[in-house]
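Every number here is computed from the coordinates shown, using simple stated rules; none is lab data. The shown structure was predicted, so the numbers you read here are calculated from the model rather than taken from an experiment. All Cβ positions, even for glycine, are placed from backbone atoms using ideal geometry, and neighbour counts span all protein chains on display.
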Amino acid sequence: MADLTQTPRPALWGRLPKVWIVSAFILALVFVLDPPQSLPILTGTFGAMGHTAIFIICAVLAIGYLKATGAEAVVAEAFKGRETRMIFLAAALGGLAPFCSCEVIPFIAALLAAGVPLSAVMAFWLASPLMDPAMFLITSGTLGFDFAVAKTLSAIGLGLFGGFATMILSTTALFADPLREVAQGGCGCGSPFKGKPNWRFWQDAARVQVFRTSALENLAFLAKWLFLAYLLENIMLQYVPASMVSSVLGGTGIGPILLGALVGAPAYLNGYAAVPLVDALLTQGMSNGAAMSFMLAGGVSCIPAAIAVWALVKPRVFAAYLGFAFIGSVAAGLAWNMIA
């Protein structure tokens, strides 16, 4: 009798390049529904990819270097000492750490198991998905160096806000017994606590292999998501009236900033793909503050980042995490609107 529990379909589906399939499907729709615009949209997408190619290459090399040297271990140093010091360092390093989403779960689980205060963990959680070296380069190449710096400072500020708010409210019912009974997760990326950084990784064949593998994997990751994002950007510029965007997300009031934070979660793909989309929205009339609140709220509440929190803490703490993200994103948007 055939074993119906074993089928190649899940494995096959897992191997399919889903993002590339979506991009091809979108292009096919444009070709069928509006053939004259298919070539301009495609060439515009490749042109945008070429414009940011140097930033993509630098980002890939930076990720490979950080992985090969084991620099992630340095982040653990932020969680030693007084609670206020931990919060400051956790927020700062959260915005610089080269963690993928699946690494955050075992990393944070280890910290919580070791007795690190939830306030420092919250600071790291809020800042971590918003900025890293690769994202800084991509953001600088598309939205400008000033925006990249402002987003980095906003990420750190958001982490500080959430960390100190958690510390102040730590004795309330909101943060009493915050952890789930089972705090496990991850995808086998390995613990960042193992070993010390080796900055001259090229002297170790195993680390060279890690560099090569990480660089190639991240090149493929960035290529597929940025191609889809630039494709959507060109379609948006072609078909979405600028007047509609400017009327909804333009202006200097708090309304567009609030709306940017609210729509950030459902409209957000990931940190890299969001950059070209925001660039298109800014071109169409989106306000600077709304762009900032969109990227911050979307980054913190996107599925990979949110899962890392949901997997470890109880729903009320998760709700606090989202609340801190929303308040901090709106505040950062208001500040950026005034100085941009």
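Brief remarks follow.
- Amide H to amide H distances under 5 Å link VAL313 with ARG180, where only residues 5 or more positions off or on other chains count and H is placed in the peptide plane.
- The convex hull built on the alpha-carbon positions of the stretch 279-340 has an orientation-averaged projected area of 4.4 nm².
- Cα-projected label distance for LYS80 with GLN37, points at 7 Å along beta-carbon direction, nm: 5.8
- Contour excess over end-to-end distance, with Cα ends at LEU16 and LEU153 and 0.36 nm allotted per residue: 45.5 nm
- Taking 0.36 nm per residue of sequence separation and removing the Cα-Cα distance, the PHE46/TRP199 pair yields an extension gain of 51.6 nm.
- When you count the other C-beta atoms within 10 angstrom of each residue and take the mean per peptide, 117-128, 310-321, 43-54 line up highest first as 117-128, 310-321, 43-54.
- Stretchable slack from ILE168 to GLN209, in nm (0.36 nm times residue separation minus alpha-carbon distance): 10.2 nm
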